[in-house]
1. Label points 7 Å out from Cα along the Cβ direction at residue 408 and residue 368: separation in nm?
2. Hey, can you find the accessible area per residue of the range 334-391 for me, probe 1.4 Å, expressed in square angstrom?
3. Please identify the GluC sites (Glu not before Pro) of the range 208-247 that satisfy two criteria: DSSP loop assignment and at most 10 other Cβ atoms within 10 Å. Which are they?
4. Across 5 Å bins from the origin, how do the percents of Cα pairs in the range 265-369 run, short distances first?
5. Keeping the other protein chains in place, figure out the carbon and sulfur percent of the accessible area of the range 215-346, with a 1.4 Å probe.
6. Please report the orientation-averaged projected area of the range 52-179, defined via the convex hull of its C-alpha atoms, in nm².
7. Run lengths n ≥ 4 of DSSP H only: what is the helix-derived mean residue ellipticity at 222 nm for the chain, with -39500 (n - 2.57) per run over all residues, to the nearest 500?
8. Before I look further, what does the range 47-122 give for accessible area per residue, probe 1.4 Å, in whole square angstrom?
Amino acid sequence: MRRAGAGLLAVWLSGASAPAAAVLTIEVTKSVEAAISIAVVPFRLEGVSAATANLPAAVIGDDLGGSGKFQLVPRGDFLSRPHDLQSVNFKDWRLLKAEVLVVGRVIRTDDDRFEVRFQLIDVFREKQLAGQRFVGPAPRLRKVAHQISDLIYQALTGKRGAFDTRIAYVTVQGAAPKERFLLQVADADGYGARTILESPQPILSPAWSPDGRQLAYVSFEKNRSEVYIQELRSGERELVAGHDGINGAPAWSPDGRQLALTLSKDGNPDIYIYQLADRSLRRLTRHPAIDTEPAWSPDGGTIAFTSGRSVTPQIYRVAATGGAPQRVTFHGKYNAGANYSHDGKSIALITNQGNGYRVALYSAKDRTVNELTRTHQDESPTFAPNGEMIMYATQSGGAHVLAAVSPDGRVRQVIKFQNGSVREPAWSPFNQL
(Lines give C-alpha, C1' and ligand atoms only; values in the text may rest on other atoms or scores of the structure.)
Protein backbone atom coordinates (compact mmCIF):
# COMPACT_ATOMS: atom_id res chain seq x y z
CA MET A 1 0.00 0.00 0.00
CA ARG A 2 1.12 3.52 -0.71
CA ARG A 3 1.46 5.85 2.26
CA ALA A 4 -0.08 9.32 2.18
CA GLY A 5 0.51 12.23 4.50
CA ALA A 6 -1.68 12.64 7.59
CA GLY A 7 -2.99 15.60 9.54
CA LEU A 8 -3.56 17.88 6.54
CA LEU A 9 -6.08 20.75 6.55
CA ALA A 10 -8.57 21.50 3.76
CA VAL A 11 -11.12 24.33 3.79
CA TRP A 12 -13.85 24.24 1.17
CA LEU A 13 -15.76 27.26 -0.06
CA SER A 14 -19.27 28.19 1.03
CA GLY A 15 -22.16 29.35 -1.09
CA ALA A 16 -23.17 26.10 -2.81
CA SER A 17 -26.73 24.86 -2.64
CA ALA A 18 -27.44 21.39 -1.30
CA PRO A 19 -27.33 18.75 -4.04
CA ALA A 20 -30.55 17.01 -4.91
CA ALA A 21 -30.54 13.24 -4.75
CA ALA A 22 -30.70 11.59 -8.14
CA VAL A 23 -33.12 8.75 -8.68
CA LEU A 24 -30.66 6.11 -9.80
CA THR A 25 -29.17 2.70 -9.14
CA ILE A 26 -25.46 1.90 -9.47
CA GLU A 27 -24.86 -1.78 -10.07
CA VAL A 28 -21.39 -3.31 -10.20
CA THR A 29 -21.65 -6.10 -12.75
CA LYS A 30 -17.99 -7.14 -12.64
CA SER A 31 -15.12 -6.38 -10.25
CA VAL A 32 -11.48 -7.31 -9.86
CA GLU A 33 -10.87 -10.72 -8.31
CA ALA A 34 -8.31 -9.40 -5.79
CA ALA A 35 -10.42 -6.48 -4.54
CA ILE A 36 -9.12 -4.80 -1.36
CA SER A 37 -11.27 -5.61 1.67
CA ILE A 38 -12.22 -2.31 3.30
CA ALA A 39 -14.49 -1.39 6.20
CA VAL A 40 -16.02 2.09 6.27
CA VAL A 41 -17.23 2.76 9.80
CA PRO A 42 -20.06 5.30 10.37
CA PHE A 43 -18.46 8.52 11.56
CA ARG A 44 -18.84 9.58 15.17
CA LEU A 45 -21.45 12.32 15.75
CA GLU A 46 -20.58 15.40 17.75
CA GLY A 47 -23.46 17.86 17.90
CA VAL A 48 -25.03 16.73 14.60
CA SER A 49 -27.93 14.56 13.52
CA ALA A 50 -27.44 10.93 12.57
CA ALA A 51 -28.48 11.64 8.99
CA THR A 52 -25.84 14.34 8.64
CA ALA A 53 -23.06 12.33 10.26
CA ASN A 54 -23.83 9.14 8.34
CA LEU A 55 -23.65 10.87 4.94
CA PRO A 56 -19.84 10.90 4.54
CA ALA A 57 -19.37 7.20 5.34
CA ALA A 58 -22.30 6.23 3.11
CA VAL A 59 -20.93 8.19 0.15
CA ILE A 60 -17.38 6.90 0.69
CA GLY A 61 -18.68 3.33 0.80
CA ASP A 62 -20.68 3.82 -2.39
CA ASP A 63 -17.70 5.42 -4.15
CA LEU A 64 -15.19 2.74 -3.25
CA GLY A 65 -17.57 -0.20 -3.56
CA GLY A 66 -18.82 1.06 -6.92
CA SER A 67 -15.30 1.26 -8.30
CA GLY A 68 -15.06 -2.52 -8.37
CA LYS A 69 -11.59 -2.40 -6.78
CA PHE A 70 -12.75 -2.64 -3.17
CA GLN A 71 -14.83 -5.22 -1.31
CA LEU A 72 -16.85 -3.58 1.45
CA VAL A 73 -17.10 -5.39 4.79
CA PRO A 74 -20.88 -5.50 5.53
CA ARG A 75 -21.78 -2.97 8.20
CA GLY A 76 -23.93 -5.53 9.99
CA ASP A 77 -20.84 -7.64 10.64
CA PHE A 78 -18.98 -4.89 12.53
CA LEU A 79 -17.91 -5.95 16.04
CA SER A 80 -17.06 -2.40 17.08
CA ARG A 81 -17.33 1.15 15.73
CA PRO A 82 -14.13 3.09 16.40
CA HIS A 83 -13.76 6.74 15.43
CA ASP A 84 -9.98 7.14 15.48
CA LEU A 85 -6.77 5.11 15.46
CA GLN A 86 -6.55 4.95 19.25
CA SER A 87 -10.00 3.36 19.62
CA VAL A 88 -9.45 0.57 17.06
CA ASN A 89 -9.46 -3.02 18.34
CA PHE A 90 -7.44 -4.53 15.50
CA LYS A 91 -8.39 -8.08 16.47
CA ASP A 92 -12.04 -7.31 15.65
CA TRP A 93 -11.15 -6.29 12.10
CA ARG A 94 -8.73 -9.14 11.48
CA LEU A 95 -11.54 -11.56 12.34
CA LEU A 96 -13.61 -9.90 9.58
CA LYS A 97 -10.62 -10.10 7.18
CA ALA A 98 -10.64 -6.33 6.68
CA GLU A 99 -7.35 -5.11 5.21
CA VAL A 100 -8.00 -1.42 5.74
CA LEU A 101 -10.35 0.62 7.87
CA VAL A 102 -11.90 4.08 7.42
CA VAL A 103 -12.93 5.93 10.58
CA GLY A 104 -13.81 9.52 11.35
CA ARG A 105 -15.86 12.21 13.03
CA VAL A 106 -18.37 14.87 12.00
CA ILE A 107 -18.34 17.83 14.40
CA ARG A 108 -20.65 20.85 14.33
CA THR A 109 -18.63 24.05 14.70
CA ASP A 110 -21.56 26.48 14.47
CA ASP A 111 -25.11 26.60 13.06
CA ASP A 112 -24.24 25.65 9.49
CA ARG A 113 -20.59 24.66 9.57
CA PHE A 114 -18.96 21.33 10.24
CA GLU A 115 -15.58 19.77 10.72
CA VAL A 116 -14.98 16.37 9.16
CA ARG A 117 -12.00 14.23 10.12
CA PHE A 118 -11.07 10.87 8.69
CA GLN A 119 -8.29 8.32 9.04
CA LEU A 120 -7.37 5.45 6.74
CA ILE A 121 -5.83 2.64 8.79
CA ASP A 122 -3.86 -0.44 7.79
CA VAL A 123 -5.36 -3.24 9.91
CA PHE A 124 -2.39 -5.61 9.74
CA ARG A 125 0.36 -3.03 10.26
CA GLU A 126 -1.80 -1.13 12.79
CA LYS A 127 -0.84 2.26 11.41
CA GLN A 128 -2.42 5.23 9.68
CA LEU A 129 -2.02 5.46 5.91
CA ALA A 130 -3.81 8.76 5.33
CA GLY A 131 -5.79 11.34 7.22
CA GLN A 132 -7.23 14.80 6.71
CA ARG A 133 -9.46 17.42 8.28
CA PHE A 134 -12.05 19.47 6.36
CA VAL A 135 -13.96 22.54 7.58
CA GLY A 136 -16.94 24.12 5.83
CA PRO A 137 -20.72 24.41 5.40
CA ALA A 138 -23.18 21.50 5.59
CA PRO A 139 -24.17 21.58 1.88
CA ARG A 140 -20.61 20.55 1.01
CA LEU A 141 -20.63 17.31 3.00
CA ARG A 142 -21.20 15.13 -0.06
CA LYS A 143 -18.36 16.87 -1.93
CA VAL A 144 -16.07 16.35 1.05
CA ALA A 145 -16.97 12.66 1.09
CA HIS A 146 -15.96 12.39 -2.58
CA GLN A 147 -12.68 14.14 -1.79
CA ILE A 148 -12.02 11.65 1.00
CA SER A 149 -12.76 8.80 -1.41
CA ASP A 150 -10.20 10.27 -3.81
CA LEU A 151 -7.56 10.38 -1.08
CA ILE A 152 -8.28 6.79 -0.06
CA TYR A 153 -8.20 5.60 -3.66
CA GLN A 154 -4.83 7.22 -4.26
CA ALA A 155 -3.36 5.93 -1.00
CA LEU A 156 -4.36 2.34 -1.80
CA THR A 157 -3.92 2.17 -5.59
CA GLY A 158 -1.32 4.83 -6.33
CA LYS A 159 -3.73 6.44 -8.83
CA ARG A 160 -5.52 9.75 -8.38
CA GLY A 161 -9.22 9.23 -7.65
CA ALA A 162 -11.95 10.76 -9.82
CA PHE A 163 -14.94 10.60 -7.48
CA ASP A 164 -14.91 14.40 -7.00
CA THR A 165 -15.55 15.06 -10.68
CA ARG A 166 -18.67 15.60 -12.76
CA ILE A 167 -20.41 14.20 -15.78
CA ALA A 168 -22.49 15.94 -18.43
CA TYR A 169 -25.16 14.00 -20.28
CA VAL A 170 -28.44 14.36 -22.15
CA THR A 171 -31.69 13.11 -20.62
CA VAL A 172 -34.64 12.45 -22.95
CA GLN A 173 -38.02 12.64 -21.23
CA GLY A 174 -41.36 11.68 -22.74
CA ALA A 175 -42.09 10.15 -26.12
CA ALA A 176 -42.18 11.57 -29.63
CA PRO A 177 -43.55 13.97 -30.72
CA LYS A 178 -43.52 15.51 -27.21
CA GLU A 179 -40.01 14.66 -26.14
CA ARG A 180 -38.02 17.01 -23.92
CA PHE A 181 -34.22 17.07 -24.09
CA LEU A 182 -32.27 18.14 -21.01
CA LEU A 183 -28.54 18.84 -20.95
CA GLN A 184 -27.57 18.03 -17.37
CA VAL A 185 -24.49 18.08 -15.14
CA ALA A 186 -24.14 15.90 -12.06
CA ASP A 187 -21.53 14.48 -9.73
CA ALA A 188 -19.65 11.52 -11.17
CA ASP A 189 -21.97 9.19 -9.23
CA GLY A 190 -25.07 10.82 -10.76
CA TYR A 191 -26.15 12.87 -7.72
CA GLY A 192 -26.84 16.60 -7.62
CA ALA A 193 -28.11 16.76 -11.19
CA ARG A 194 -28.55 20.29 -12.56
CA THR A 195 -30.20 21.16 -15.87
CA ILE A 196 -28.07 23.41 -18.06
CA LEU A 197 -30.43 23.58 -21.04
CA GLU A 198 -33.92 22.25 -21.79
CA SER A 199 -35.33 22.03 -25.30
CA PRO A 200 -38.07 20.28 -27.31
CA GLN A 201 -35.38 19.62 -29.93
CA PRO A 202 -32.33 17.31 -29.68
CA ILE A 203 -29.17 18.25 -27.80
CA LEU A 204 -26.00 16.37 -28.69
CA SER A 205 -22.27 16.03 -28.06
CA PRO A 206 -21.58 17.88 -24.78
CA ALA A 207 -17.85 18.55 -24.35
CA TRP A 208 -16.08 20.00 -21.30
CA SER A 209 -13.61 22.84 -21.50
CA PRO A 210 -10.23 21.90 -19.97
CA ASP A 211 -10.89 24.10 -16.91
CA GLY A 212 -14.32 22.55 -16.31
CA ARG A 213 -16.08 25.93 -16.45
CA GLN A 214 -17.81 25.62 -19.84
CA LEU A 215 -19.62 23.12 -22.01
CA ALA A 216 -19.72 23.09 -25.78
CA TYR A 217 -22.66 21.24 -27.32
CA VAL A 218 -24.90 20.90 -30.35
CA SER A 219 -28.48 22.17 -30.18
CA PHE A 220 -31.32 21.80 -32.68
CA GLU A 221 -33.52 24.36 -30.92
CA LYS A 222 -33.81 26.41 -34.14
CA ASN A 223 -34.62 23.26 -36.12
CA ARG A 224 -31.08 22.95 -37.41
CA SER A 225 -27.78 22.00 -35.83
CA GLU A 226 -25.79 24.77 -34.13
CA VAL A 227 -22.78 24.66 -31.81
CA TYR A 228 -22.83 26.68 -28.58
CA ILE A 229 -20.46 27.30 -25.68
CA GLN A 230 -22.12 27.85 -22.30
CA GLU A 231 -20.71 29.05 -18.98
CA LEU A 232 -21.89 26.73 -16.22
CA ARG A 233 -22.00 29.27 -13.40
CA SER A 234 -23.63 32.20 -15.19
CA GLY A 235 -25.59 30.29 -17.81
CA GLU A 236 -24.37 32.71 -20.46
CA ARG A 237 -23.76 31.14 -23.84
CA GLU A 238 -22.30 31.99 -27.20
CA LEU A 239 -23.12 30.71 -30.69
CA VAL A 240 -19.96 29.25 -32.18
CA ALA A 241 -21.17 27.72 -35.43
CA GLY A 242 -24.51 28.27 -37.12
CA HIS A 243 -23.54 27.87 -40.77
CA ASP A 244 -25.72 26.35 -43.45
CA GLY A 245 -25.58 22.56 -43.30
CA ILE A 246 -24.03 20.49 -40.50
CA ASN A 247 -22.55 22.10 -37.39
CA GLY A 248 -21.49 19.41 -34.96
CA ALA A 249 -19.16 17.35 -32.78
CA PRO A 250 -17.30 20.09 -30.85
CA ALA A 251 -14.02 19.06 -29.16
CA TRP A 252 -11.84 21.35 -27.02
CA SER A 253 -8.10 21.58 -27.53
CA PRO A 254 -6.12 20.77 -24.36
CA ASP A 255 -5.17 24.44 -23.91
CA GLY A 256 -8.79 25.57 -24.21
CA ARG A 257 -8.04 28.00 -27.03
CA GLN A 258 -9.55 26.08 -29.94
CA LEU A 259 -12.46 23.86 -30.87
CA ALA A 260 -12.38 21.14 -33.48
CA LEU A 261 -15.74 20.93 -35.27
CA THR A 262 -17.50 19.06 -38.03
CA LEU A 263 -18.90 21.52 -40.58
CA SER A 264 -20.40 21.10 -44.04
CA LYS A 265 -20.60 24.78 -44.87
CA ASP A 266 -18.33 24.25 -47.90
CA GLY A 267 -20.39 21.37 -49.24
CA ASN A 268 -19.00 18.29 -47.45
CA PRO A 269 -18.67 17.34 -43.76
CA ASP A 270 -15.05 17.96 -42.84
CA ILE A 271 -13.02 18.81 -39.73
CA TYR A 272 -12.38 22.50 -38.99
CA ILE A 273 -10.46 24.31 -36.26
CA TYR A 274 -12.19 27.27 -34.59
CA GLN A 275 -9.99 29.83 -32.79
CA LEU A 276 -11.86 31.19 -29.79
CA ALA A 277 -9.77 34.37 -29.56
CA ASP A 278 -10.61 35.77 -32.99
CA ARG A 279 -13.43 33.40 -34.07
CA SER A 280 -11.51 32.36 -37.18
CA LEU A 281 -11.93 29.00 -38.93
CA ARG A 282 -9.32 26.77 -40.49
CA ARG A 283 -10.25 23.74 -42.57
CA LEU A 284 -8.27 20.66 -41.55
CA THR A 285 -9.56 17.86 -43.81
CA ARG A 286 -10.69 17.80 -47.43
CA HIS A 287 -12.28 14.61 -48.71
CA PRO A 288 -15.56 13.68 -50.41
CA ALA A 289 -16.29 11.19 -47.61
CA ILE A 290 -17.73 12.27 -44.25
CA ASP A 291 -15.15 13.30 -41.64
CA THR A 292 -16.58 13.79 -38.14
CA GLU A 293 -16.16 13.23 -34.37
CA PRO A 294 -12.78 14.93 -33.86
CA ALA A 295 -10.79 14.21 -30.67
CA TRP A 296 -7.58 15.95 -29.56
CA SER A 297 -4.58 14.06 -28.29
CA PRO A 298 -3.50 15.14 -24.77
CA ASP A 299 -0.49 17.02 -26.13
CA GLY A 300 -2.65 18.94 -28.61
CA GLY A 301 -0.55 17.83 -31.57
CA THR A 302 -2.91 15.34 -33.18
CA ILE A 303 -6.63 15.07 -33.93
CA ALA A 304 -8.27 11.67 -34.33
CA PHE A 305 -11.56 11.54 -36.21
CA THR A 306 -14.08 9.19 -37.79
CA SER A 307 -14.06 9.00 -41.57
CA GLY A 308 -15.97 7.12 -44.22
CA ARG A 309 -13.12 7.35 -46.72
CA SER A 310 -12.41 3.61 -46.23
CA VAL A 311 -16.02 2.74 -47.24
CA THR A 312 -16.82 1.69 -43.66
CA PRO A 313 -16.32 4.15 -40.77
CA GLN A 314 -12.78 4.01 -39.38
CA ILE A 315 -10.57 6.13 -37.13
CA TYR A 316 -8.01 8.38 -38.80
CA ARG A 317 -5.59 10.92 -37.36
CA VAL A 318 -4.07 14.13 -38.66
CA ALA A 319 -1.64 16.70 -37.27
CA ALA A 320 -3.50 19.61 -35.70
CA THR A 321 -1.47 21.92 -37.92
CA GLY A 322 -2.63 20.06 -41.04
CA GLY A 323 -1.27 17.44 -43.39
CA ALA A 324 -2.23 14.07 -44.83
CA PRO A 325 -4.49 11.97 -42.55
CA GLN A 326 -3.39 8.46 -41.63
CA ARG A 327 -5.68 5.53 -41.01
CA VAL A 328 -5.53 4.20 -37.42
CA THR A 329 -7.98 1.27 -37.20
CA PHE A 330 -8.16 -1.78 -39.44
CA HIS A 331 -10.01 -4.30 -37.24
CA GLY A 332 -13.73 -4.84 -37.81
CA LYS A 333 -16.24 -3.22 -40.13
CA TYR A 334 -16.90 -0.19 -37.91
CA ASN A 335 -14.69 1.91 -35.61
CA ALA A 336 -15.88 5.37 -34.53
CA GLY A 337 -16.20 7.87 -31.69
CA ALA A 338 -12.56 8.18 -30.64
CA ASN A 339 -11.67 9.48 -27.16
CA TYR A 340 -8.01 9.67 -26.10
CA SER A 341 -6.78 8.33 -22.78
CA HIS A 342 -5.14 10.86 -20.43
CA ASP A 343 -1.66 9.62 -21.37
CA GLY A 344 -2.35 9.42 -25.12
CA LYS A 345 -1.32 5.76 -25.29
CA SER A 346 -4.77 4.43 -26.12
CA ILE A 347 -8.08 5.47 -27.65
CA ALA A 348 -11.54 4.44 -26.48
CA LEU A 349 -13.94 3.91 -29.36
CA ILE A 350 -17.03 2.05 -30.53
CA THR A 351 -16.31 -1.00 -32.66
CA ASN A 352 -18.39 -3.56 -34.52
CA GLN A 353 -16.49 -6.76 -35.15
CA GLY A 354 -19.59 -8.82 -35.85
CA ASN A 355 -21.02 -8.80 -32.30
CA GLY A 356 -22.78 -5.44 -32.24
CA TYR A 357 -21.55 -1.97 -31.31
CA ARG A 358 -19.27 -2.27 -28.30
CA VAL A 359 -16.81 -0.15 -26.36
CA ALA A 360 -13.25 -1.07 -27.27
CA LEU A 361 -9.74 0.14 -26.62
CA TYR A 362 -7.21 0.83 -29.35
CA SER A 363 -3.61 0.43 -28.23
CA ALA A 364 -1.13 2.73 -29.95
CA LYS A 365 1.70 0.39 -28.98
CA ASP A 366 0.50 -2.80 -30.67
CA ARG A 367 -2.24 -1.29 -32.90
CA THR A 368 -4.93 -3.66 -31.68
CA VAL A 369 -8.62 -3.04 -30.96
CA ASN A 370 -9.85 -4.99 -27.91
CA GLU A 371 -13.55 -5.16 -27.02
CA LEU A 372 -14.30 -4.27 -23.39
CA THR A 373 -18.07 -4.81 -23.19
CA ARG A 374 -20.59 -7.52 -24.06
CA THR A 375 -23.52 -5.26 -24.90
CA HIS A 376 -24.69 -4.48 -28.44
CA GLN A 377 -25.68 -0.81 -28.66
CA ASP A 378 -22.90 1.15 -26.95
CA GLU A 379 -22.27 4.83 -27.76
CA SER A 380 -20.18 7.86 -26.77
CA PRO A 381 -17.20 6.50 -24.78
CA THR A 382 -15.53 9.05 -22.49
CA PHE A 383 -12.50 8.56 -20.25
CA ALA A 384 -12.41 9.53 -16.58
CA PRO A 385 -9.72 12.18 -16.08
CA ASN A 386 -7.51 9.65 -14.26
CA GLY A 387 -7.92 7.10 -17.06
CA GLU A 388 -9.22 4.44 -14.66
CA MET A 389 -12.72 4.06 -16.17
CA ILE A 390 -14.51 4.66 -19.48
CA MET A 391 -18.12 5.83 -19.28
CA TYR A 392 -20.49 5.24 -22.18
CA ALA A 393 -24.18 5.10 -23.11
CA THR A 394 -25.84 1.75 -23.69
CA GLN A 395 -29.12 -0.13 -23.35
CA SER A 396 -30.08 -2.31 -20.41
CA GLY A 397 -33.47 -3.95 -20.06
CA GLY A 398 -34.82 -1.81 -22.88
CA ALA A 399 -33.75 1.43 -21.19
CA HIS A 400 -31.02 3.86 -22.22
CA VAL A 401 -28.53 4.02 -19.35
CA LEU A 402 -24.97 5.01 -18.59
CA ALA A 403 -22.34 2.40 -17.84
CA ALA A 404 -18.63 2.32 -17.17
CA VAL A 405 -15.83 -0.16 -17.79
CA SER A 406 -12.15 -0.20 -16.85
CA PRO A 407 -9.59 -0.09 -19.69
CA ASP A 408 -8.69 -3.73 -19.01
CA GLY A 409 -12.35 -4.81 -18.93
CA ARG A 410 -12.01 -6.19 -15.38
CA VAL A 411 -14.45 -3.74 -13.78
CA ARG A 412 -17.92 -2.93 -15.08
CA GLN A 413 -20.83 -0.98 -13.65
CA VAL A 414 -24.23 0.28 -14.82
CA ILE A 415 -25.89 3.54 -13.71
CA LYS A 416 -29.66 3.32 -14.17
CA PHE A 417 -31.63 6.57 -13.99
CA GLN A 418 -35.35 6.15 -13.39
CA ASN A 419 -36.41 9.41 -15.00
CA GLY A 420 -35.95 9.31 -18.77
CA SER A 421 -33.37 7.89 -21.14
CA VAL A 422 -29.78 9.01 -20.57
CA ARG A 423 -27.30 9.43 -23.42
CA GLU A 424 -24.27 11.38 -24.65
CA PRO A 425 -22.07 11.24 -21.51
CA ALA A 426 -18.97 13.40 -21.14
CA TRP A 427 -16.67 13.05 -18.11
CA SER A 428 -15.28 16.32 -16.76
CA PRO A 429 -11.63 17.12 -16.12
CA PHE A 430 -10.52 17.16 -12.49
CA ASN A 431 -12.50 19.81 -10.62
CA GLN A 432 -10.91 23.25 -10.65
CA LEU A 433 -13.90 25.27 -9.43
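The values are calculated or read from the model by the stated rules, or taken from the named source; none is laboratory data. Fair warning: this is a prediction, and the values are worked out from it, not measured in the lab. Note: ideal-geometry Cβ built from the backbone for every residue, glycine included; neighbour counts use all protein chains shown. When the accessible area is computed, the model is the full protein with side chains, heavy atoms only, and any ligands, DNA or RNA have been set aside. Shrake-Rupley method; radii C 1.70, N 1.55, O 1.52, S 1.80 Å.
1. Modelled inter-label distance: 1.4 nm.
2. Using a 1.4 Å probe on heavy atoms only, each residue of the range 334-391 averages 40 Å².
3. 236
4. The percentages, shortest bin first, are 2, 13, 23, 25, 19, 11, 5, 2, 0, 0.
5. 47
6. Average of the hull's projected areas for the range 52-179 equals 10.8 nm².
7. Computed ellipticity for the chain at 222 nm equals -3000 deg cm²/dmol.
8. Averaged over the residues of the range 47-122, the accessible area is 45 Å².
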